[in-house]
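Beneath this line is the structure, given in structure tokens, with notes to follow.
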Amino acid sequence: MRYRKLATLTAVVCLTATAGCSTEELGPARTDGTVRTVLPSDTSSFDPALTQGQQSFQVANLLYDTVLRRDANASLVGGLATDWEAVSATEYTFTIRDDATCSDDTPITAEVVGDSLRRLADPATNSTWRNLVFGPGDVEVTAEGATVRVTLSEPFTTLPQGLAIAQAGIVCPAGVKDPKGLAAGTVDGAYSGPYVVKEARQGLSYTFAFREGYDSWPDYATPLTGEPPSTIELSISTDQSTVANQILAGDVELGQFADPDVVARFDAQPDLNQYPITQASTYVVFNQRPGRAFADKPELRKGVAQAIDQEAFNAVFSKGTSEVLNSIAPASFPCVSDDRSLLPGHDPEAAKKALQGTGGVKILGNTANRQYSGGADYIYQVLTDAGVEAEIQKLDNATFWSTIAEGGSDWDIVFLGDLNSVGSISASLDRVMGASVEDGGRNYSASVNPEGEAAFAEGLAATDEDARCAAFERAQRSLLERTDVVPLVGGPLTYVTSADLTMSVYDDYADWATLRFGAS
Amino acid sequence: MTDVHLTVGARPRRQRGGSSWTSFALRRAGGLAGTVVTAVVVTFFIVPLIPGDPAVSAAGPDATRAQIEQVRAQLGLDRPILERFVDYVGGLFQGDLGHSFSLNAPVADAVFRWLPFTAGLSFLALLVVLLVAVPLGMTVGALTRGGRRPRLDSAFGYVTAFVAAIPPYVMATLLVLLFAVTLGVLPPAYTKSSPGLSVVLPALALSIPSICLISRVVRRETAVVLEQDYLRTARGWRLGAMRTALRYALPNLLTSTLTLSGIILVGMLGGAISVETVFGWPGLGLGVVNAVTTKDYPLVQGLVLVLAVLSALMTMAVDIVLGIVDPRVRGGNNSG
């Protein structure tokens, strides 16, 4: 009897201990037209102009249609616009389709689109996306007939890409009239997209319902097939393993994972769909403000680049699953340099020669997740191995960004994850060249690179795509030759869906409005 | 404690009747008020010391310096801290805990949305603890009293010590692996469609270590009580094992068990932070984690304040129950 009890106890302990090693079986799939998913944090606002964070952009994609939409092969397709033209680098026209309606059945006319864009451009709205969409200059938006005309005071040829981001989603008149209600998701008629907010319990769960009769889908090169989900339910969980468990148990149909160890759990599940994307670009940035260790010392910056082995970094950062970058944006973005000869390459001996005895170097690390924390450790290790007297300070994600956004704060090297939601190289270039953060720009490094800035400005003024790309590539060449940055790898994100649920991904851009059941 | 039930039916003499209750209640109410005031002041002034700029966090990494300052003004963070404190305290008297900028909603709404989840989980876990730990501890205590069954005694001691040492986070992970991932009999996390089933694993994760802890205390107390003269007398009257245990042994175990349960319940609020994270359980603990991550000062302040008040209320409730069960506590000897 005693031994039987002992055997039972042993069996329970062993079963518990080995559970993690056993093959995980999928739970039963549900087909009631509802997609259950989990976000890593709350959606910050239902106002697309004020929304922050990847999870909020995905929600905005469901609720608001955009003037243009991203399609495959780095191209754009009409969203609410059927046609568009860059009259010049400062003037653009968009012809608005005549069959789109708001969630309160108000027709979406050029005037409605114009009002929404004017609101986005209005400094009083305080949208952080305003400059990424329209550029830093003044903006005039007019509507006449079916045409919306956008006139800029400064050239900004990436405007069409900007008008395709979720944050530039068109808000219907009811939402424009009630900004507080719009942000809280309580204005029923605010939505131009395929879904409406059915229930918003902030901090707990959100339910979105498909709009009966909605049929204003973009005219993608590959048409969408299957049925859009009738309902999308969101809940919140910060733990990726928990969400993975829910997917494997069949409790959730859609999840997103950055941790390669968690993603590996799905490798033995061929019935699940995986959509890996590069959601961010990681690269080293040097603080080049006067008096800092790497200011006016390109040979030291080159030494840092030579100390870093991108493949080794990739192994630490993402177990080798990330895209190795040639520049500061993924290769899928238009106009991104693919010239690896611009990178100094891994050369530990040369690095040691250049860096030996360099002291007082302060590295800031971001602990947003263990990938970023491990990456910072790698940078610290290779610099120490190269003879640099370095100290590392690790900060949580919000503190990390607020520290480098201060401008004059105490750091010499950071490696950051640049989440470029516009999908344009220009939205990454101005993080490392041009006006510094303390001067109202986005340049964290405060580097001064007149040649690169001139090429960048030329690209923003070029309406011809080839000329624009040539200019942007010159800007990247200058950036890399000066070693103002050290490109590392992409920040991977993998969407996992249940067997019967699919999603379209356009060049590292996953659009939740393309979720479909039963697609062929 | 062992002299309380020396004589069947005896009642301890009341100490100055109502005055002992008045004094006892006043002491506890004073303690509660002090705790609340301290929590309000400390949370308000300590939370802003968390590194990082909430205005940058709210504005996002793409904001320009001017936009960050505009957000700072919108959030009222550009005002002097004392001025904000006065407003905050004034708001508290009207039930206003502030406005969460990460949720874009009143903090009180979020608290009332999350509180039932944490309270339900904690009380369910405590119920499981008491229903399992007391009978288990008494049974083992009775079986092993006076040096009987030494192997059972040792095995019980080792197993409970081992399991009690497992942190709730690890326990939660093991339970998910076993019951959700491998066996697939319970949901691995909170699901809106079946909250009843979803609560089972988090409640077990919170309660199992506590069951081990309390059952060890109860076993020890039982072994001691059963060796007392009055229980030998009760057994001599042939009152039966069950009646003896329930009527004469159990009341003498309650003081220590209740005291420990109160501490454990308060501890469960802390343990809930990790357990709620593992199970995606939308309670106050998960809310605190998210609020700290986003530098949402008003939300952190509100949640910490509510958790502090809850802890103080629970401690007071335990004290009052102890005061009823054991009048000596009202005298002030065991006042905590």
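The values are calculated or read from the model by the stated rules, or taken from the named source; none is laboratory data. Note that the structure is predicted; figures quoted are calculated from it, not measured. FYI the Cβ positions are ideal-geometry reconstructions off the backbone, even for glycines, and counts take in every protein chain you see.
Taking A:Asn326 as the residue in question, decide whether it is away from chain B (no Cβ under 14 Å), within 28 Å of A:Leu493 (Cβ to Cβ) and touching a Lys or Arg at 6+ places or on another chain (Cβ under 7 Å).
Against the criterion (away from chain B (no Cβ under 14 Å), within 28 Å of A:Leu493 (Cβ to Cβ) and touching a Lys or Arg at 6+ places or on another chain (Cβ under 7 Å)), A:Asn326 qualifies.
Can A:Leu182 be described as at pLDDT 95 or above, in contact with a strand residue (DSSP E or B) (Cβ under 6 Å, 6 or more places away or on another chain) and assigned by TED's automatic domain parsing to the domain that holds A:Gly79? No; evaluated as a whole, the condition is false for this residue. Quick check, is A:Asp412 over 19 Å from A:Asn443 (Cβ atoms), in contact with a Leu (Cβ under 9 Å, 6 or more places away or on another chain) and of a type in the set (Asp, Glu)? The answer is no for A:Asp412.
Where residues in the stretch B:109-153 are within 12 Å of another protein chain (Cβ to nearest Cβ) and aliphatic (A, V, I, L, M), which of them is surrounded by the fewest Cβ atoms within 10 Å (Cβ to Cβ)?
B:Leu152
Checked against (1) farther than 28 Å from A:Thr463 by Cα; (2) charged (D, E, K, R); (3) free of Cβ contacts under 8 Å to residues at least 60 places away in the same chain, A:Asp188 passes all but a single condition, namely (3). Within the stretch B:78-108, the residues that satisfy the criterion of being farther than 17 Å from B:Gly283 by Cα, within 12 Å of chain A (Cβ to nearest Cβ) and out of contact with any strand residue (DSSP E or B) (no Cβ under 7 Å at 6 or more places or on another chain) are B:Phe101, B:Asn104. Select from the stretch B:34-74 the residues that are aliphatic (A, V, I, L, M), within 36 Å of the chain's Cα centre (by Cα) and either surrounded by fewer than 19 Cβ atoms within 10 Å (Cβ to Cβ) or more than 14 Å from every other protein chain (Cβ to nearest Cβ) (or both) and list them in ascending order. Listed by number, the residues that qualify are B:Val36, B:Val37, B:Ala39, B:Val40, B:Val41, B:Val42, B:Ile46, B:Leu49, B:Ile50. Counting only residues that are part of a helix (DSSP H, G or I) and either over 24 Å from A:Ser88 (Cα atoms) or not aliphatic (A, V, I, L, M) (or both), the stretch A:453-490 holds 17 of them. The residue list B:Val128, B:Val159, B:Val71 contains one member that is over 24 Å from B:Ala241 (Cβ atoms), without any contact (Cβ under 8 Å) to a residue 40 or more places away in the chain and not charged (D, E, K, R), which is B:Val71. Criterion applied to A:Glu154, A:Glu140 was being of a type in the set (Asp, Glu) and assigned to a loop (DSSP other than H, G, I, E, B), and the one residue passing it is A:Glu154. In this structure, A:Arg474 does satisfy being more than 26 Å from A:Tyr220 (Cβ to Cβ), surrounded by 18 or more Cβ atoms within 10 Å (Cβ to Cβ), of a type in the set (D, E, K, R) and not assigned by TED's automatic domain parsing to the domain that holds A:Thr66.
Considering only the stretch A:491-507, state which residues are outside any strand (DSSP E or B) and under 14 Å from A:Leu254 (Cα atoms). Once the filter is applied, which keeps residues that are outside any strand (DSSP E or B) and under 14 Å from A:Leu254 (Cα atoms), the stretch A:491-507 yields A:Ser498, A:Ala499, A:Asp500, A:Met503, A:Ser504. When B:Asn252 is tested against (1) over 30 Å from B:Ala105 (Cβ atoms); (2) within 14 Å of chain A (Cβ to nearest Cβ); (3) among the polar types (S, T, N, Q), just one condition goes unmet, and that condition is (2). Residue pairs whose Cβ atoms lie under 9 Å apart, sitting 6 or more positions apart in sequence or on different chains, and linking a residue in the stretch A:81-109 that is farther than 24 Å from A:Pro136 by Cβ and not assigned by TED's automatic domain parsing to the domain that holds A:Glu458 to a partner that is of a type in the set (Gly, Ala, Ser) and assigned to a strand (DSSP E or B), are A:Thr95/A:Gly78; A:Thr95/A:Ala81; A:Ile96/A:Ala81; A:Ile96/A:Ala143; A:Arg97/A:Gly78; A:Arg97/A:Ala81; A:Thr109/A:Ala143.
Limited to the stretch A:158-178, what total is found for residues that are in contact with an Asp or Glu (Cβ under 8 Å, 6 or more places away or on another chain) and either part of a loop (DSSP other than H, G, I, E, B) or under 16 Å from A:Asp122 (Cβ atoms) (or both)? Quick ask: steps written out before the conclusion?
As a first pass, look at the stretch A:158-178 and keep what is in contact with an Asp or Glu (Cβ under 8 Å, 6 or more places away or on another chain): A:169-176.
Still in the list and also either part of a loop (DSSP other than H, G, I, E, B) or under 16 Å from A:Asp122 (Cβ atoms) (or both): A:169-173, A:175-176.
Matching residues across the stretch A:158-178 total 7.
With respect to being β-branched (Val, Ile, Thr) and either assigned to a loop (DSSP other than H, G, I, E, B) or within 10 Å of chain A (Cβ to nearest Cβ) (or both), B:Val176 fits the description. Exactly one residue out of A:Gln279, A:Gln310, A:Gln288 is closer than 27 Å to A:Leu342 by Cβ, more than 25 Å from the chain's Cα centre (by Cα) and in contact (Cβ under 8 Å) with a residue 12 or more places away in the chain, and it is A:Gln288.
In the set (1) crowded, with 20+ Cβ neighbours inside 10 Å; (2) at pLDDT 95 or above; (3) not aromatic (Phe, Trp, Tyr), the condition left unmet by A:Ser436 is number (2). Among residues of the stretch A:131-143 being touching a helix residue (DSSP H, G or I) at 6+ places or on another chain (Cβ under 7 Å) and at pLDDT 95 or above, the one that is nearest to the other protein chains (Cβ to nearest Cβ) is A:Val133.
Which one of A:Leu152, A:Leu163 is surrounded by fewer than 24 Cβ atoms within 10 Å (Cβ to Cβ), touching a strand residue (DSSP E or B) at 6+ places or on another chain (Cβ under 7 Å) and in the same structural domain as A:Gly53 (by TED's automatic domain parsing)? I'd like the intermediate steps shown before the answer.
Values: A:Leu163 fails: surrounded by fewer than 24 Cβ atoms within 10 Å (Cβ to Cβ).
Being surrounded by fewer than 24 Cβ atoms within 10 Å (Cβ to Cβ), touching a strand residue (DSSP E or B) at 6+ places or on another chain (Cβ under 7 Å) and in the same structural domain as A:Gly53 (by TED's automatic domain parsing) holds for just one of A:Leu152, A:Leu163, which is A:Leu152.
Go through the stretch A:243-261 and give me each residue that's in contact (Cβ under 8 Å) with a residue 12 or more places away in the chain and within 13 Å of another protein chain (Cβ to nearest Cβ). Can you show your working first?
Residues of the stretch A:243-261 in contact (Cβ under 8 Å) with a residue 12 or more places away in the chain: A:243-244, A:246-261.
The answer is A:Val243, A:Ala244, A:Gln246, A:Ile247, A:Leu248, A:Ala249, A:Gly250, A:Asp251, A:Val252, A:Glu253, A:Gly255.
Inspect the stretch B:160-170 for any residue being within 13 Å of another protein chain (Cβ to nearest Cβ), within 20 Å of B:Val40 (Cα to Cα) and either touching a Pro at 6+ places or on another chain (Cβ under 8 Å) or not in a loop (DSSP other than H, G, I, E, B) (or both) and give the result as yes or no. No, every residue in the stretch B:160-170 fails to be within 13 Å of another protein chain (Cβ to nearest Cβ), within 20 Å of B:Val40 (Cα to Cα) and either touching a Pro at 6+ places or on another chain (Cβ under 8 Å) or not in a loop (DSSP other than H, G, I, E, B) (or both).
Being surrounded by fewer than 23 Cβ atoms within 10 Å (Cβ to Cβ), in contact (Cβ under 8 Å) with a residue 40 or more places away in the chain and over 28 Å from A:Tyr506 (Cα atoms) is a property that does not hold for A:Pro228.
Quick one: which of A:Ala72, A:Ala60 is within 14 Å of chain B (Cβ to nearest Cβ) and within 17 Å of A:Gly423 (Cα to Cα)? Don't jump to the end; show me each part of the working.
On the way: A:Ala72 fails: within 14 Å of chain B (Cβ to nearest Cβ).
Result of the check over A:Ala72, A:Ala60: A:Ala60.
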